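> Attaching a single structure in structure tokens format; questions to follow.
The values are calculated or read from the model by the stated rules, or taken from the named source; none is laboratory data. Keep in mind that this is a model prediction, so the values were computed, not measured. Every residue, glycine among them, receives a Cβ derived from its backbone with ideal geometry; neighbour counts consider all protein chains shown. Heads up: the accessible areas ignore ligands, DNA and RNA and are worked out on the full protein's heavy atoms, side chains in. Shrake-Rupley method; radii C 1.70, N 1.55, O 1.52, S 1.80 Å.
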Amino acid sequence: MTARPQIKINTAPQLDIFSGAASSPDHKKHDKPKGSGNKTDKRRFVAPNPNAITLGNSNLKEHLELTGQKTPFTVASLLDEQDWSDFEQRYASEGRPPYSPRNMMGLILYGIMQGITSLRTLERLARVDLGCMWVTGGIFPDHAIIGRFINMHSKSMAGAFFESLTRAVLKKTNSDGSCLAGDGTVIEAACSSYNLMKQEAAQQAHETAQKQADNHPDCPENKKKLEMASSTLEAVIERNEKRKKNGKSGSAVVSPTEPEAVVQKMKRGRGYTTGYKPSVLANNKRVVLAQAVDPTNETTVVSPMLDQSMQITGKPVDEMLLDAGYFNDEVISTSLERDISLLCPEGKEPGKPKESKKFQKGHFYYDETNDVYRCPAGKELVLIGQIKGSIRTKEQKIYGNGPCEGCPLKDQCTTNKKGRRIKRYAMDDAKDALRQVMQHPKAKKSFSKRKAMVEPVFAYLRDIQGLNRFRRKGLEKVKLEFGLHLLAYNLSRAVKASFHAIFRYNRILWLYFERYRPFDRKWGSWERDPVKRHSLQRKVLHWV
Ligand code: SF4
């Protein structure tokens with residue numbers, strides 16, 4: 001029997017694509033499993049130098065500057081300012097060096113800024129986009145590596161990294177978090193809305209999955225199916241109980257592949273579908289300082305978002321501008337506890353259609369001294385009853401017994417034969433105060449800023465970054481996806497701020513040359529010569 005020939009593998013360090021790369025892989029240490037090394041120091045990463053990338057005779061930096069691309073420079077400089085130790089400590093100090101987290105984040109965020117969220121398209125972007133090469137240093141990770149990176153660092157991305165990057169963007173945009181405007185929307189979930197299940201169907205699916213798992217206990221696929229069926233059944237039972245408690249009719253439906261997504265009404269009259277409700281708080285430069293995702297409710301996340309904003313700026317919020325959807329007890333009491341000046345108009349009365357012409361509760365004035373309500377006809381509604389608080393109802397007083405029979409305004413007021421009834425809850429004092437504040441012209445003027453501050457955020461996310469539907473399934477993954485979109489969005493605000501500064505300084509220069517024509521002779525035809533103009537603009541950039 002002849003001995004098998006032995007092939008000697010070259011274990012010398014591989015040549016980098018870019019000369020002068022910051023690190024080169026050391027293949028001698030590859031035998032040890034990942035994670036076996038000391039995770040405290042000596043970590044090495046593949047982080048090539050973008051200055052070494054050339055295009056013909058010019059380098060990449062010159063090419064990007066000549067073609068007027070500012071986005072890659074702003075993104076790269078903001079990423080360079082960040083502390084990456086939280087990301088880096090997750091890698092072993094031995095073995096083949098991974099791509100640097102700074103460069104991987106650069107690729108992901110730059111891609112989202114271009115409206116790319118697919119991992120395969122990101123992989124392609126890294127190879128073909130020159131701006132992306134400047135941000136990443138020219139690394140070419142494949143889609144699987146990008147996906148693993150996102151899963152590995154999901155907690156840091158949505159938490160500490162969001163805060164530190166937003167701090168840098170605030171500095172760049174020269175703005176703060178003293179006045180914030182809030183808004184929420186509904187974004188469709190990744191699951192299909194064609195295979196939703198009612199409780200009976202979910203129960204049947206669970207029984208089938210249980211039988212299959214009992215017949216083949218070692219099959220991992222059957223176990224996974226049983227877990228999914230159990231979570232679907234739990235979710236549909238919980239939602240049905242909630243509906244019963246709130247006195248709603250009908251039964252809930254749940255997606256078997258994504259039980260956390262809730263069937264709800266989409267904005268802009270696009271019907272009902274499974275989705276989530278993401279919310280944001282943005283400042284006057286439209287930088288998002290806080291973000292959250294809840295399956296159905298945008299008011300419950302106001303308090304955690306205020307905490308997040310304070311974590312970023314280190315200061316409490318002074319003023320908060322919210323739309324009528326936030327006019328409820330929880331938001332008002334949160335702003336009272338935190339001593340925030342809240343501006344929020346009253347929306348429609350719960351349960352009443354938006355286009356209702358009937359008098360709402362806000363049209364009735366509460367006379368605290370006499371403990372009566374005055375109606376729009378100037379009549380008094382007196383206290384006629386009191387209901388104690390329980391699991392289903394809040395503590396309330398009921399006012400009525402007005403002279404409604406024969407009232408000319410009755411058609412606009414009530415259809416109740418016994419006349420109009422008004423319920424007063426514990427938080428109604430604060431609501432009355434807020435209603436009065438919102439009547440003041442100064443409050444109206446301040447509130448008029450809200451639309452311009454926060455409404456374009458979701459428009460940008462939908463139209464430019466393509467967030468019309470979540471690509472990931474489950475609440476935690478949806479939170480991560482939304483967090484990544486907002487990181488990219490905040491970066492685009494910083495880029496915008498740089499553009500404004502450059503435009504301002506360029507305009508000053510242009511006026512200067514227009515005013516002092518004799519300098520034309522000294523500078524020659526700088527306006528027509530792109531190289532001279534470019535060198536001048538580079539100086540301006542340096543000043544900025
Ligand atoms: S219907 Fe009754 S409560 Fe309404 S405006 Fe007339 S008197 Fe007042």
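> Taking the Cα centre of region 75-226 as origin, sum charge times position over the Cβ atoms of Lys and Arg (+1) and Asp and Glu (-1), and report the length of that vector in debye to the nearest 20. Mind showing how you got there, number by number?
Details: 16 positive and 18 negative charges, 49 e Å.
That gives a dipole near 240 debye.
> On average, how much accessible surface per residue is there in region 199-245, in Å², for a 1.4 Å probe, leaving out ligands, DNA and RNA? Provide the component values of the computation, followed by the final result.
Working: 3520 Å² over 47 residues.
Each residue of region 199-245 exposes 75 Å² on average to a 1.4 Å probe.
> Report the full-extension gain for the segment residue 264 to residue 143: residue separation times 0.36 nm, less the Cα-Cα distance, to one decimal in nm.
Working: separation 121, 0.36 × 121 = 43.56 nm, distance 3.31 nm.
Value of the extension gain: 40.3 nm.
> For the modelled label position 7 Å from the Cα of residue 339 along Cα-to-Cβ, which residues of region 416-440 have backbone nitrogen atoms closer than 20 Å?
Taking a point 7 Å out along Cα→Cβ of residue 339, the residues of region 416-440 whose backbone N falls under 20 Å are 430, 434.
> Can you give me the accessible area per residue for region 42-108, using a 1.4 Å probe, in Å²? Don't jump to the answer; show the numbers that get you there.
Values: 2950 Å² over 67 residues.
Roughly 44 Å² per residue, with all protein chains present.
> Using amide H atoms built 1.01 Å from N in the peptide plane, name the residues 5+ places from residue 99, or on other chains, whose amide H lies under 5 Å from its own.
The answer is 46.
> Then there is this: Quickly rank 247-254, 44-51 as a protection proxy: mean count of other C-beta atoms within 10 Å, highest first.
Working: 247-254: 14.4, 44-51: 18.4.
Output ranking for 247-254, 44-51: 44-51, 247-254.
> Same structure, new question: Among the listed pairs 70/473; 267/358; 225/479, give every one whose C-alpha distance is greater than 29 Å.
On the way: 70/473 35 Å; 267/358 24 Å; 225/479 24 Å.
Where the Cα-Cα span goes over 29 Å, the pairs concerned are 70/473.
> Now for a separate question. If you place +1 on the Cβ of every Lys and Arg, -1 on the Cβ of every Asp and Glu, and leave all else neutral, what size is the dipole of region 27-152 about its Cα centre, to the nearest 20 Debye?
Dipole magnitude for region 27-152 comes out near 580 debye.
> Under the 0.36 nm per residue contour assumption, what length would be gained going from the current alpha-carbon distance of residue 257 and residue 227 to full extension? Intermediate results must be reported in sequence, preceding the final value.
Numbers: separation 30, 0.36 × 30 = 10.80 nm, distance 1.09 nm.
Once the chain is fully extended between residue 257 and residue 227, it gains 9.7 nm.
> Quick one: check the C-alpha center-to-center distance for region 247-272 versus region 94-134, whole angstrom.
35
> Follow-up. Beta carbons within 10 angstrom, averaged per residue: use that to sort the peptides 410-420, 288-298, highest first. List each step's numbers first, then the result.
Details: 410-420: 14.5, 288-298: 21.6.
Ranking, from highest mean packing down: 288-298, 410-420.
> Still on this model: Assign unit charges at the C-beta atoms only (+1 for Lys and Arg, -1 for Asp and Glu), then state the dipole size of region 199-245 relative to its Cα centre in Debye, rounded to the nearest 20.
Details: 9 positive and 9 negative charges, 70 e Å.
So the magnitude is around 340 debye.
> Ignoring any ligand, DNA or RNA, what whole percent of the accessible area of region 98-139 comes from carbon and sulfur when the probe is 1.4 angstrom?
Values: 620 of 1270 Å².
Of the solvent-accessible surface of region 98-139, carbon and sulfur hold 49 percent.
> Oh, and also: Round to a whole number: what % of the accessible area of region 361-419 belongs to carbon and sulfur, probe 1.4 Å?
Values: 2030 of 4090 Å².
About 50 percent, which is the carbon plus sulfur part of the accessible surface.
> Using 0.36 nm per residue, how much length does the chain from residue 433 to residue 246 gain when fully extended, once their Cα-Cα distance is taken away? Intermediate results must be reported in sequence, preceding the final value.
Details: separation 187, 0.36 × 187 = 67.32 nm, distance 2.81 nm.
Once the chain is fully extended between residue 433 and residue 246, it gains 64.5 nm.
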